[in-house]
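Below is one structure, written out as structure tokens; comments come after it.
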């Protein structure tokens, strides 16, 4: 019965996508041509540059942990546009913890939340350390003391370092594209 319902849902979803009308973007421009014949021939043509239209990224489902980002740059010669979707990792963490908690897996839900340094520190300050490999309470506190490299703050430092490298690469790429426009 479940398979039938899922199959029908997929059929209606896919048929709606197949029947969707294409997106059409229309652009109009006006040009002025002036010709002077005072002894010499001179023609001036003034027209607007073509448009770089930024792609629209719509996130219509409010249950997604993503944000759409798009932009465009246009000069007289070249136009570039692009877009991307950025994941919100904290939103994903909260949703995962809630689902685990709703399934009755409370220790697992707390473990997911403990991957955030702020939550980890708050749990320590409250005297209820985060679970460690299935151990809770004083046992977990001792294991965290023996394995400080596994604490979220150390993992976050590594992620920040990777983000800096990725940001530098993206910045150099953006600078290269900007130089192409000049």
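Readers should treat all values here as calculations from the given coordinates under stated rules, not as data from a laboratory. The shown structure was predicted, so the numbers you read here are calculated from the model rather than taken from an experiment. FYI the Cβ positions are ideal-geometry reconstructions off the backbone, even for glycines, and counts take in every protein chain you see.
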query = Under the definition of Cα pairs under 8 Å and six or more residues apart, what whole-number percent is the relative contact order of the stretch 90-153?
reply = 22
key: Order by protection proxy (mean Cβ within 10 Å, highest first), peptides 76-82, 112-118   = 112-118, 76-82
ask   = Roughly how large, in nm² to one decimal, is the mean projection of the convex hull of the alpha-carbon atoms in the stretch 90-153?
value = 4.1
